[in-house]
Amino acid sequence: MKTFNTKILGTGSYMPEKILTNDDIAKRVETNHQWIVERTGICERRISDLSKDETPSGMAARATMKALAAANLQPNDIELILFASTLPDQVMPNAASVLQHKLGITNLCGALDVNAACSGWVYLVPMANAMIKTGMYKRILVVGSEMLSSFNNWDDRNTCILFGDGCGVAILGRAEDNEESQIYSTVLASDSTKKDHLTLLAGGSAKRITIDMLENNEHWMTMNGQEIFKAATKTMASHCEKVLADAGKTLDDVNWFVPHQANLRIIEAVGNRLGIAPEKVIINVNKYANTSSATVPVALDEAVRDGRIKRGDIVLLAAFGAGLTSGGILLKY
Ligand code: ACO
């Protein structure tokens, strides 16, 4: 069977206009800018405005239009929509179908939502790659879009400082025979022994939201920050080593590393473990905080648009999130 290589045809991102600074948060909970910057590297984050439709699907529509323009494509050229979100717009209809509608796509393309928390977008890229490789599809839209402000407990200083809203997308497609772009290797994993370190249990079918639950504040995210920190560092570094080994490459071959943007200290610790030069690491957690499945595609898009990542560059990507899910990708852009 003939197989095809996968190329990133275009990227796009959209961040809500409203900026929430550390000082703004310090007006509500006992914290301060210096503590937040020293422990996380985060200075500010973006917060969605529903009156501007800065929902996961609304942000994805804007980001996708940018990616389509970059790829010189039209909405109806998309043959499949894969949409990662930890908490999409609503339970039904799925965000991918809502996005199809917002983009004005009339070709009835497939539209699928996936929840793998912060790893969602990195999970979807290998799936899109497999479908392009086998010739099943030629152009797949892969979205990571999150409105974490909607389930952030703004009275809990342990978690509320860490998260923000935003969206990143990439259109993956079939590379021409004379092009070098390709996805070399990928890894997906989940360590469910650590599943209780990051949870939001209310609102699913096992734990419906009740008035008692709301009064007891049980409908918010809970996190064991230090356990997440340790697991994130170890897992992302080992995934990077695995995708490099599987592709027969070394760190010297890598031009850029795009890690999940949860905390600057996690990014630095992964970089140190790997021994990668700091100037090869793409960082924007200072501006946007942790936007879960959106962090990697947003950072990728920014680095492509400002000219750091160029055609032919080898890019290493890694993510980590609740589950505890994780993944790694090595590709030639
Ligand atoms: N402002 C001021 N003080 C605070 C704050 C705050 N916002 N939050 C906690 N503190 C206090 C604590 O109460 C504690 O005080 P104590 O010593 O009197 O008890 C002290 O600061 C130290 O707290 P630690 O939890 O030990 O601080 P740590 O250095 O571990 O940093 C942090 C906390 C930033 C949450 C860190 O553990 C972390 O980033 N973990 C990873 C979490 C993460 O990335 N989650 C993302 C979720 S999923 C994903 O994207 C992978």
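Some notes on this structure:
- Residue match in the stretch 246-259 (condition: within 16 Å of the ligand (Cβ to nearest atom), aromatic (F, W, Y), modelled with pLDDT of 95 or more and at negative phi): no
- Sole residue being open to solvent by 20 Å² or more (accessible area, probe 1.4 Å), out of contact with any Pro (no Cβ under 9 Å at 6 or more places or on another chain) and assigned to a helix (DSSP H, G or I), chosen from E279, E268: E279
- Any hit, the stretch 16-29, residues being closer than 18 Å to G144 by Cα and open to solvent by less than 50 Å² (accessible area, probe 1.4 Å): yes
- Residue in the stretch 150-161 that is more than 16 Å from the ligand (Cβ to nearest atom) and hydrophobic (A, V, I, L, M, F, W, C) present: no
- Considered as a group, the residues in the stretch 157-193 that are touching a strand residue (DSSP E or B) at 6+ places or on another chain (Cβ under 9 Å) and charged (D, E, K, R) include one that is surrounded by the most Cβ atoms within 10 Å (Cβ to Cβ), and that residue is D165.
- Criterion (part of a helix (DSSP H, G or I), surrounded by fewer than 21 Cβ atoms within 10 Å (Cβ to Cβ), hydroxyl-bearing (S, T, Y) and away from the ligand (no atom under 16 Å from the Cβ)) met by exactly one of S57, S97: S97
- Any hit, the stretch 139-146, residues being within 12 Å of the ligand (Cβ to nearest atom) and of a type in the set (D, E, K, R): yes
- When G307 is tested against (1) outside any loop (DSSP other than H, G, I, E, B); (2) surrounded by fewer than 24 Cβ atoms within 10 Å (Cβ to Cβ), just one condition goes unmet, and that condition is (1).
- Only one of M236, M221 that is crowded, with 20+ Cβ neighbours inside 10 Å, modelled with pLDDT under 95 and within 11 Å of the ligand (Cβ to nearest atom): M221
- Which listed residue, of V285, V270, is closer than 21 Å to P16 by Cβ and within 16 Å of the ligand (Cβ to nearest atom): V285
- Restricting attention to the stretch 60-88, the residues being part of a loop (DSSP other than H, G, I, E, B) and closer than 28 Å to N286 by Cβ number 4.
- Residues being over 26 Å from L20 (Cα atoms), aliphatic (A, V, I, L, M), at pLDDT 95 or above and open to solvent by 50 Å² or more (accessible area, probe 1.4 Å) are entirely absent from the stretch 75-91.
- Enumeration of residues in the stretch 101-120 that are open to solvent by 20 Å² or more (accessible area, probe 1.4 Å) and in contact (Cβ under 8 Å) with a residue 12 or more places away in the chain: K102, G104, T106, N107, G110, A111, L112, D113, V114, N115
- Of residues in the stretch 310-333 being within 16 Å of the ligand (Cβ to nearest atom) and small (G, A, S), the one surrounded by the fewest Cβ atoms within 10 Å (Cβ to Cβ): G323
- Residue check for L68: modelled with pLDDT of 95 or more, open to solvent by less than 40 Å² (accessible area, probe 1.4 Å) and not hydroxyl-bearing (S, T, Y): yes
The values are calculated or read from the model by the stated rules, or taken from the named source; none is laboratory data. Note that the structure is predicted; figures quoted are calculated from it, not measured. Note: ideal-geometry Cβ built from the backbone for every residue, glycine included; neighbour counts use all protein chains shown. Just so you know, the surface numbers come from the protein's heavy atoms only, side chains and all, with ligands and any DNA or RNA stripped out. Shrake-Rupley method; radii C 1.70, N 1.55, O 1.52, S 1.80 Å.
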